[in-house]
Amino acid sequence: MSSKIKLSPSILNADFANLADQIKAVEPYSDYIHLDVMDGHFVPNITFGPLMIETAKRITDLPLDTHLMIYNPPEWVEAFAEAGSDRIAFHLRSCRDPESVIRATRRLGVSPGLAVSPEVPTFELKPFLGMIDFVIIMCVYPGFGGQKLMPEMLNRVGAVKRDAAELGVVVEVEVDGGVKAQNIPMVLEAGADNIVVGSSIFGASDASRAAAEVRAILDRTDKRTAASGS
Ligand code: DX5
Ligand code: ZN
């Protein structure tokens, strides 16, 4: 994609009986496919495991953005890497030694990221900012698609970027949860580099059209940013 701001549709609310068609429908407008892995312990819902990443890999050439909402990521990171994840984020407070998970992910040739839930302060990310490629800022309590974005989470985007800049590193900030056409301007204003959009694309009657509309909003914003020279 030529656009600077990335779009990562989450298949959480897709029609799994027609998964290939659904992914193909959004592919032309997307930069990643976002896969939400839930274990029923770290979050109160269960979704899918490595087999779904393998399935998505067979459907699309887009890179796969795996979002682990599970306890014990050290035990699982290899399986999700081998299944075809191009990048893997796990949550702060989901394991004792995030650094070793980050390093293991990198050794497996996969780009590492950390996700932060609304109740976890972003300063807990600081020790790891120099080791990861991206941060997922959750704007809903993880577990379900279709929730309302918590606007008070958006100032975390700038806070994380400032913390990274102080350390002399750059991290991509991905905003996840409740993002839809109406609030995208606000999310982009906050500085998001990548947006996850689930139900407002796959819950729409025409997922392709919904993804195209989101892409058009992102492209308009990119043009404005380029024109203002910032
Ligand atoms: C929530 C997931 C999100 C979610 C996004 O726990 O991490 O990725 O699927 O879906 P919407 O856009 O419906 O909030
Ligand atoms: Zn997610």
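Of everything listed in (1) over 30 Å from Pro28 (Cβ atoms); (2) within 11 Å of ligand 1 (Cβ to nearest atom); (3) assigned to a helix (DSSP H, G or I), the single unmet condition for Lys126 is (2). Just so you know, in region 2-41 the residues that are free of Cβ contacts under 8 Å to residues at least 60 places away in the same chain and part of a loop (DSSP other than H, G, I, E, B) include one that is farthest from Glu213 (Cα to Cα), and it is His41. Remark: Asp65 falls outside the filter, which requires a residue to be in contact (Cβ under 8 Å) with a residue 40 or more places away in the chain, closer than 24 Å to Arg209 by Cα, more than 14 Å from ligand 2 (Cβ to nearest atom) and outside any helix (DSSP H, G or I).
Of all the criteria given as (1) out of contact with any Lys or Arg (no Cβ under 6 Å at 6 or more places or on another chain); (2) more than 18 Å from Gly177 (Cα to Cα), the one not satisfied by Leu35 is (2).
Picking from residues in region 128-152 that are of a type in the set (A, V, I, L, M) and within 15 Å of ligand 2 (Cβ to nearest atom), the one that is farthest from Asn45 (Cα to Cα) is Val135. The set of residues from region 184-198 being more than 14 Å from the chain's Cα centre (by Cα) and either in contact (Cβ under 8 Å) with a residue 60 or more places away in the chain or over 19 Å from Asn13 (Cβ atoms) (or both) comprises Pro185, Met186, Leu188, Glu189, Ala190, Gly191.
For region 69-95, residues that are touching a helix residue (DSSP H, G or I) at 6+ places or on another chain (Cβ under 7 Å) and closer than 20 Å to Val173 by Cβ total 5.
Taken as a whole, region 154-163 holds no residue that is within 27 Å of Asn18 (Cα to Cα) and either small (Gly, Ala, Ser) or at pLDDT 95 or above (or both). Of the residues Ile23, Ile46, the single one that is of a type outside the set (Lys, Arg) and touching a helix residue (DSSP H, G or I) at 6+ places or on another chain (Cβ under 9 Å) is Ile23. Highlighted here are the helices (runs of 4 or more DSSP H) found entirely within region 153-226 that include at least 2 residues which are more than 16 Å from ligand 2 (Cβ to nearest atom) and acidic (Asp, Glu): 155-166. Restricting attention to region 144-179, the residues being on the phi > 0 side of the Ramachandran plot and either surrounded by 22 or more Cβ atoms within 10 Å (Cβ to Cβ) or in contact with a His (Cβ under 6 Å, 6 or more places away or on another chain) (or both) number 2.
Taken together, the residues in region 68-116 that are touching a residue at least 40 places away in the same chain (Cβ under 8 Å) and away from ligand 1 (no atom under 16 Å from the Cβ) amount to 1. May I ask you to list the residues in region 96-127 that are more than 23 Å from Ala83 (Cβ to Cβ), within 16 Å of ligand 2 (Cβ to nearest atom) and touching a helix residue (DSSP H, G or I) at 6+ places or on another chain (Cβ under 7 Å)? Selection gives Val116, Pro118.
The values are calculated or read from the model by the stated rules, or taken from the named source; none is laboratory data. This structure is a prediction, so every number in the text was calculated from the model and none was measured. All Cβ positions, glycine included, derive from the backbone under ideal geometry; neighbour counts span all protein chains shown.
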